[in-house]
1. Are any residues in segment 124-148 open to solvent by 40 Å² or more (accessible area, probe 1.4 Å) and farther than 19 Å from ALA83 by Cα, and if so, which ones?
2. Would you confirm whether or not segment 96-106 contains a residue that is crowded, with 21+ Cβ neighbours inside 10 Å, among the hydrophobic types (A, V, I, L, M, F, W, C), in a loop (DSSP other than H, G, I, E, B) and modelled with pLDDT under 95?
3. Quick check on segment 5-54: of everything there that is in a loop (DSSP other than H, G, I, E, B) and open to solvent by 10 Å² or more (accessible area, probe 1.4 Å), which residue is nearest to GLY125 (Cα to Cα)?
4. Being of a type outside the set (A, V, I, L, M, F, W, C), part of a strand (DSSP E or B) and within 16 Å of CYS36 (Cα to Cα), is that true of even one residue in segment 144-152?
5. Across segment 58-95, which residue is modelled with the lowest pLDDT among those that are out of contact with any helix residue (DSSP H, G or I) (no Cβ under 8 Å at 6 or more places or on another chain), within 17 Å of ALA43 (Cβ to Cβ) and open to solvent by less than 40 Å² (accessible area, probe 1.4 Å)?
6. Restricting attention to segment 124-153, which residues are among the aliphatic types (A, V, I, L, M) and at positive phi?
Amino acid sequence: NLFSSTILTNCTFSGNSAGYGGGVDNLFSSTILTNCTFSGNSASNQGGGIYNASEGGQSPLTLTNCIIWNNNQANNNNGIAGASIYNESGPTSININASLPQISYSLIQSSGGSGNWNNAIGNDGGHNIDMDPLFVLPVNPSDAPTTAGDLHLQPNSPAINVGNNYAV
């Protein structure tokens with residue numbers, strides 16, 4: 001995404017690889033993601049799931065009812081916040097807080113969930129969790145690019161029935 005307004009609903013980004021933003025590279029764009037899943041993506045630099053360039057407050061990103069799990073960035077680091085969502089902070093003289101993702105009702109790896117939120121991920125809009133979503137057949141980000149895997153949720157997944165129905 002470059003200089004655009006994008007709304008994506010009910011989508012899956014899986015098995016992709018890129019230099020920045022294995023799933024999505026949000027650059028100078030207004031992006032709304034609802035009911036989207038990012039898993040098994042890989043970035044050779046930053047942002048295995050999402051790379052959000054917030055230079056000067058130009059990239060508002062909103063996530064609702066999303067799952068971001070098991071993505072990796074440089075050197076197979078998939079257990080860190082930047083592998084899920086990496087926020088490029090831009091010049092320190094500019095207030096970039098408005099550009100940090102607004103995240104609610106989502107399952108985000110390394111976020112800590114709403115009870116112990118990791119601010120490097122973005123702004124906690126509430127009702128977020130950080131637990132294995134229990135995909136039927138997870139995608140290994142080291143295999144990207146690939147079409148393998150089955151991201152349907154197992155019946156005991158913590159992501160079932162915890163979203164916001166009014167967001168759709």
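The values are calculated or read from the model by the stated rules, or taken from the named source; none is laboratory data. It should be emphasised that the depicted structure is a prediction, and the values quoted were computed from it without experimental measurement. Ideal geometry is used to build each Cβ from the backbone, glycine not excepted, and the neighbour counts take in all protein chains shown. Please note that ligands, DNA and RNA were not included when accessible areas were found on the heavy atoms of the full protein model with its side chains. Shrake-Rupley method; radii C 1.70, N 1.55, O 1.52, S 1.80 Å.
1. Answer for segment 124-148, where residues must be open to solvent by 40 Å² or more (accessible area, probe 1.4 Å) and farther than 19 Å from ALA83 by Cα: GLY125, HIS127, VAL136, LEU137, THR147, ALA148.
2. yes
3. ASN35
4. Yes, segment 144-152 has at least one match.
5. Only one residue tops the list, namely ALA81.
6. LEU134
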